[in-house]
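The values are calculated or read from the model by the stated rules, or taken from the named source; none is laboratory data. Quick caveat, the model's predicted, so the values are computed rather than measured. We place every Cβ from the backbone using ideal geometry, glycine too, and count neighbours over all the protein chains shown.
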Amino acid sequence: MGKLFAIVVTIITIVSTGIFLSHIWWMPPDFSLLGAGIDHQMMETMVTSGVLFVVAQLVLAGFVWRFADNNDNRKIKIFPGGATPMVVGAIILVGAEILALTLVGSKIWASIYVAPADPHALKIDVQAEQFAYYFRYPGPDGKFGTLHPDLIDASTGNFFGLDPAHDTAARDDIVAATLAVPVNTPIQLELHAKDVSHAFYVPELRIQQDFVPGLVIPLHFTAIRLTKSEIVCTQLCGLGHYNMRAYLEVLSADDFKKWLNEQSGQ
Amino acid sequence: MNSPDSSHAAGPQGFWRKYVFSLDHKVIGRQYLDLSLVAVTTGMILSWLMRLHLGWPALSIPGLGAIAPEATGGIITPEYYLSLMTMHGTIMVFFVLTTAPFAGLGNFILPIQIGAEDMAFPRFNMMSFWVTFVAFIVLVSAFFVPEGPPLSGWTAYAPLSAVGKDAGPGQGWGQTLWVISIGIFCIAQLLGSLNFIATTLDLRTKGMSLARMPFSTWAWFITSIIGLIAFSVLLPACVLLLLDRVAGTSFFIPAGLVISDRLQPHAGGSPLLWQHLFWFFGHPEVYIAILPGFGIVSHILPAVTRKPLLGPRVLIACMIAIAFLSYTVWGHHMFMSGMNPFSATVFSVPTLIITIPAAITTLLWIGTLYGARMRYNTAALFCLGFISVFVSGGISGFFLAQPAIDSYLHGTYFVVGHFHFVMGVASMFGIFAGVYFWFPKMFGRMMNETLGKWHFILTFIGVYCIFMPMHWLGLAGNVRRYSAFTDDYMKGSIPLHRFITVAALFTGAAQLIFFYNLFRSRFRGEIAPANPWQATSLEWTTSSPPPHDNFGGHHPVVYHGPNEYGVAGKDGDYIMQNSPEPEPVAAAS
Amino acid sequence: MHKRNFSILAIVFLVSAAASSKAGRFAGHAIAPGTIEGIISYTGTPPKMKPIDMAKEPSCAKQHATPVMTEAVGVGPGNTLEDVVVYVSAGDKGPQASQPATYEQKGCQYIPHVAAMEVNQPLEIYNHDQTSHNIHPMAKLNSEWNKSQPPGSPPLKVTYEKAEFIPVKCNVHPWMHGYFAVLGTSHYSVSDDKGTFTLKGLAPGKYTITAWQEKFGTQTEEVTVTSGGTTKANFTFKAVPY
Amino acid sequence: MKSPASPAQTGVWVGIAAITMSFAAYSSALVVRQGASPDWVHFTLPPILFFNTLVVVASSVTLFMARARTGTTAARPGSGAAVIDAPHLTWLYVTIFLGFLFLAGQIMAWRNLAGQGLTLASSPSSSFFYLLTAMHGLHLLGGLTGILYVVYRVRRSNAVRAVRAYNAASLYWHFMTVLWLYLFAMLATRI
């Protein structure tokens, strides 16, 4: 039975590792300016912890195989050096890895989430609600109208609660259900939640951020390739959570202008 | 109430006092285990329904429509899927992973292992079980309320869990019952932990110094301390949430929320406050589930390897370190929550550091195997399985502990795979090992080894087939808590989901072997001797099952630690803790 | 409250009906039912309806060549108003409507936008889409409910006991908005895309008819229906841009 | 069996740890909530709270005096036959009376606030006031039952067990007093 266990563990280890290496299921190609850093960090971690995984499992299997015979008169052996090598080994190996990962990792993290957006970044408001996203562009006047939750009325498409009757800044605000952005331009999103917590997750951008009701949370990115991809919700928000989705369209500067005009035309 | 007089060695007679409202820690321990057996079966069935729906969303499950109005014609609606998920999580985490290894096995074994006649407060002990029972009933009743069962997940994030009906199905009575149930459960656990601590501190028999306590007792002791602190924070959180729901307060609900076109009458609350309170409990909860496993494995390994556990003191130190660190890491659940991004780094460091003691314990177990004279009984196999699964689950923690990587993997199936391995499966293997190991002591009969080994190998393969692929799904950006993968980039993952579903059904079926073995052995198993495994700790010095006062009127005296294996003892290669012979000379080379 | 009014009306009507029919028999000739018809229009500038971006739900988006517009104020040719409910608010209630009213979800739209029905008239809700919908009629007088309807599941059958204008929304698709107009009479009509409505089969007599528009509220008119005749009744709402 | 170690005593200490923890949670919730948004309403605490504070402190004193009278017995708990002298019972009754007086006073304070239109839901500060006072009141009721149990034990005149219960109950009761002083200070400064 011991030998069988050893074999099973070995097979599981090889198969799992193989599939990880084969990249059958893997991250989609990244198209954000800062995504490369995250991918690099991911690979670092993948390699180091992959090695740990394989070694640990195989040593376990090896020992089980080696000492599998239920021979009660064989003398037992104590692991050379007792517990000390274990403690030292763990502290040095794991400690070193932690140090490396934290130092590099926290830099990348800071560059995306701590560092403020480029001052010239294009500002876009995002309203998350059960179960859709709406995006607001300031329009020609470059000013956002103020938000009045009490005026929110989905039946007339007033998803942000604008007050065009009295608020001139609000009249030319462009509200769309698709997030179109110009390529190679820093974008700053301001995340508003209308009802409950939601999240903004674009795998290809490698960024993710919760919407928290009552807070306005900034998030910035720069898309470096013309593409269309999905924005999905990763924070349980109710029955339609699985269907909470919008599309991110990265357009050339001209196409983006065209798109804006179309939107404001309507 | 506490000074046990050995007069009542026979214990109370009469059905009610003996089996139902019993004060005997052994009966209460078995009651806990039976409750968690019911709970785990329920939870497993819920997970099957979820898996079936994920693989084949349009599938109509026969009979389901009859019991669940939410699932019209047996087709699982999105909200019903979320309810299944919420109930699965809640039942498994609270009523299985907390109840079985800690309250259940601990209740039965701990007092015997320290040579006590019973818990320090038998009445509290009985109360804490029955309060747990009530909590379970209240939770399950949430399945049958008009607005449908709760669907806010086992983490019940506010404001979704706090605003009430307008937020959609499951936000009416269902969610309220959920909060009440968890609140009640907290009270039960607090009583239980208090009892464990007092018992371990005050009722140890002569010679049972802290250093001589078996590893399992150590683990339960540390767990009870973690539990005491964790649940005394979750309880207030539940009170606040309940008030937000029913009394119109605004602890967690901010101003200006428009839900179902209605402006909510709340103002000023902080949703992040709930997350902080919840995860301050939630992360230690992970260790409440896994530490008993540590103890059980460390307790069983020497008995099955026939050699002392490597570095016993180090192991205990590691468990204490883990317990301490577990209170400094809750923020790693909130990297993406909108809290100050600086704190992400602050929280990630201790999160990574906690892997050091974990790694050390793993190495100690593996090192113990070296040069062993393994006895591959089922308990041993589950210990080995525990180590393998714990390694797999622990290593995926390396990814999630780093904010930079978590910003990609957060909220994906990678997380699901991670915590099911490290918290779910590992703890379950610990429980299985404990049950196979202590069953003879509990019921005076042996479990069937052949069935046990089949149960192990099938389960072991099964869990890897279920949870390893989830890591791949996560890498591909497959978001968790989705009731279906509509026409989008996640569609490609459906085949893998179907594979997981099949694996889940297969593994579930394998558990039938365990149930059969459990019930058959309880009545037909061969009669167990006092010490079937030739183990050293006190529970093996008394008869199987032990008399009502555990040691038949006398108090055992302890002369040795629990780790005296692979030595020249008078009866074989080990020395019982209570045998008066002198400290042995190690026979190991 | 409403319920009582209608029961009183009912009694009044029964008595009068009985009387009139007797009169008829004595007169020796039957009484032919009359009709009320008219046009709903507006003055001023109505709010601009916005195009709906269904990108979130591709299976629906691809069913519409041109984007669907929001339907809060449906305008037709010559300043006419669509989806205005016209019903008898006082006078002959007519027989209890038994044919089920239907409400369909197609291309992530409610068809019709406003479903008129009489109290206790069965209502059947269908989902013709490839996606799950979630029907949430936000009733105040009647009981509020909120149910999902996965693709291919059987129609939901419901009835309402109290007269009420109930806003209906789909929690999954925020742009989906409609109304259940639950009325105390079987004499009702919803204006078409040219703003016209017709109330048929009315027993001769005096009537108060009411026109209701979800944004502009209600207007009433007194009309008299003659035997076999057709009475004209037009409504004009005052529209504001915001 | 290990000699005099009293699980009851240990139990109360552990319980104190748990209660401290949960009130720490409430306190931090209060601080976070106050900082979360500008809707915090400051109001003057009902003056009766000062009286209540005196009452609860006094109850601790009387309990201490009661306990002091049994010091002799406590010294040699081994002697099950030892008799507890009667007069301290009156002090116990006084303590119980003061305990209920305190609770009554707290309810007066609630009525006072409700009179000002400050209800549980009206503002975050009042929410926390009702919540914290109610929670403390509940725990204090537990303490009262403890003392009643002591009376029962004393009347059964089993000195050893009476003294054990005595120590445990009074430890808990004094903690309740300290807890109230803390809560009172926090409410006074924050609300």
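If the condition is being surrounded by fewer than 24 Cβ atoms within 10 Å (Cβ to Cβ), within 10 Å of chain A (Cβ to nearest Cβ) and within 27 Å of B:Leu105 (Cα to Cα), then segment B:461-482 contributes only B:Ile461. Here A:Ile38, A:Ile14 are screened, and the one residue that is facing chain B (nearest Cβ under 7 Å) and either assigned to a helix (DSSP H, G or I) or not hydroxyl-bearing (Ser, Thr, Tyr) (or both) is A:Ile38. Taking A:Met27, is it over 28 Å from B:Asp488 (Cβ atoms) and at pLDDT below 95? Here the answer is no, as A:Met27 does not meet what is asked. Filtered by the rule that a residue be part of a helix (DSSP H, G or I) and in contact with a helix residue (DSSP H, G or I) (Cβ under 6 Å, 6 or more places away or on another chain), segment D:104-120 gives D:Gly105, D:Gln106, D:Met108, D:Ala109.
So which residues in segment B:349-382 are under 21 Å from A:Val114 (Cα atoms), touching a residue at least 24 places away in the same chain (Cβ under 8 Å) and at the interface with chain A (Cβ under 7 Å from one of its Cβ atoms)? The one that is under 21 Å from A:Val114 (Cα atoms), touching a residue at least 24 places away in the same chain (Cβ under 8 Å) and at the interface with chain A (Cβ under 7 Å from one of its Cβ atoms): B:Leu352. Would you confirm whether any residue within segment B:104-114 is in contact with a Pro (Cβ under 6 Å, 6 or more places away or on another chain) and polar (S, T, N, Q)? Checking segment B:104-114: at least one residue is in contact with a Pro (Cβ under 6 Å, 6 or more places away or on another chain) and polar (S, T, N, Q). Only a single item in (1) within 23 Å of A:Ala253 (Cα to Cα); (2) at pLDDT below 95 is not met by A:Leu189, and it is number (2). Residue check: is A:Leu179 buried (at least 19 other Cβ atoms within 10 Å of the Cβ), in contact with a strand residue (DSSP E or B) (Cβ under 7 Å, 6 or more places away or on another chain) and within 20 Å of A:Pro149 (Cβ to Cβ)? In short, no. For D:Leu101, state whether it is free of Cβ contacts under 8 Å to residues at least 60 places away in the same chain, in contact with a Phe, Trp or Tyr (Cβ under 8 Å, 6 or more places away or on another chain) and assigned to a helix (DSSP H, G or I). In short, no. Please list, ordered by residue number, the strands (runs of 3 or more DSSP E) wholly in segment A:194-266 having 3 or more residues that are farther than 15 Å from A:Ile124 by Cα and either assigned by TED's automatic domain parsing to the domain that holds A:Glu129 or in contact (Cβ under 8 Å) with a residue 60 or more places away in the chain (or both). The strands (runs of 3 or more DSSP E) meeting that bar are A:198-202, A:207-211, A:227-232. Being crowded, with 24+ Cβ neighbours inside 10 Å, within 11 Å of another protein chain (Cβ to nearest Cβ) and more than 26 Å from A:Leu236 (Cβ to Cβ) is the requirement here; does B:Tyr413 meet it? Considered against the rule, which asks whether it is crowded, with 24+ Cβ neighbours inside 10 Å, within 11 Å of another protein chain (Cβ to nearest Cβ) and more than 26 Å from A:Leu236 (Cβ to Cβ), B:Tyr413 comes out as no. Which of the following residues is under 30 Å from B:Ser343 (Cβ atoms), buried (at least 16 other Cβ atoms within 10 Å of the Cβ) and either more than 10 Å from chain B (Cβ to nearest Cβ) or at pLDDT below 90 (or both): A:Ile76, A:Ile124, A:Ile112? Exactly one residue qualifies, and that residue is A:Ile124.
Put simply, of B:Trp274, B:Trp279, B:Trp220 the only residue that is in contact with a Leu (Cβ under 6 Å, 6 or more places away or on another chain) and more than 9 Å from every other protein chain (Cβ to nearest Cβ) is B:Trp220.
Filtering segment A:178-196 to residues that are touching a Pro at 6+ places or on another chain (Cβ under 9 Å) and either among the charged types (D, E, K, R) or within 14 Å of chain C (Cβ to nearest Cβ) (or both) leaves A:Glu190, A:Ala193, A:Lys194, A:Asp195, A:Val196. Only one of the listed residues (A:Leu60, A:Leu101) is under 22 Å from B:Gly477 (Cβ atoms), within 9 Å of chain B (Cβ to nearest Cβ), in contact (Cβ under 8 Å) with a residue 40 or more places away in the chain and part of a helix (DSSP H, G or I). That residue is A:Leu101. Scanning segment A:17-35 for residues that are facing another protein chain (nearest Cβ under 7 Å) and not in a loop (DSSP other than H, G, I, E, B) gives a single hit, A:Ile19. Restricting attention to segment C:209-242 and to residues that are assigned to a strand (DSSP E or B) and in contact with a Gly (Cβ under 6 Å, 6 or more places away or on another chain), the residue that is surrounded by the most Cβ atoms within 10 Å (Cβ to Cβ) turns out to be C:Val225. Considering each residue of segment B:193-203 in turn, at least one proves to be of a type in the set (D, E, K, R), surrounded by fewer than 24 Cβ atoms within 10 Å (Cβ to Cβ) and facing another protein chain (nearest Cβ under 8 Å). Residues in segment A:237-253 that are among the hydrophobic types (A, V, I, L, M, F, W, C) and touching a helix residue (DSSP H, G or I) at 6+ places or on another chain (Cβ under 7 Å) were compared, and the one that is farthest from the other protein chains (Cβ to nearest Cβ) is A:Leu251.
Looking across segment D:38-63 at every residue that is without any contact (Cβ under 8 Å) to a residue 40 or more places away in the chain and of a type in the set (A, V, I, L, M), the one that is farthest from D:Met108 (Cα to Cα) is identified as D:Val61. For segment B:331-346, the set of residues classified as surrounded by 21 or more Cβ atoms within 10 Å (Cβ to Cβ) and either among the aromatic types (Phe, Trp, Tyr) or more than 9 Å from chain A (Cβ to nearest Cβ) (or both) consists of B:Gly331, B:His332, B:His333, B:Phe335, listed by residue number.
Answer yes or no as to whether A:Asp163 is closer than 30 Å to C:Cys108 by Cβ, without any contact (Cβ under 8 Å) to a residue 40 or more places away in the chain and touching a Leu at 6+ places or on another chain (Cβ under 8 Å). Judged against the criteria, A:Asp163 is a match. When A:Ile217 is tested against (1) within 11 Å of chain B (Cβ to nearest Cβ); (2) surrounded by 23 or more Cβ atoms within 10 Å (Cβ to Cβ), just one condition goes unmet, and that condition is (2).
Set side by side, the residues A:Thr156, A:Thr185, A:Thr178, A:Thr222 differ, and just one is under 21 Å from C:Lys56 (Cβ atoms), under 28 Å from the mean Cα position of the chain (by Cα) and of a type in the set (Val, Ile, Thr), which is A:Thr178. On inspection, C:Ala72 qualifies as under 25 Å from C:Glu37 (Cα atoms), part of a loop (DSSP other than H, G, I, E, B) and within 14 Å of chain A (Cβ to nearest Cβ). Scanning segment B:427-456 for residues that are among the hydrophobic types (A, V, I, L, M, F, W, C), in contact with a Gly (Cβ under 6 Å, 6 or more places away or on another chain) and more than 17 Å from B:Ala530 (Cα to Cα) yields one hit, B:Phe429. crowded, with 24+ Cβ neighbours inside 10 Å and either among the charged types (D, E, K, R) or over 25 Å from B:Thr86 (Cβ atoms) (or both), is that true of B:Leu139? No.
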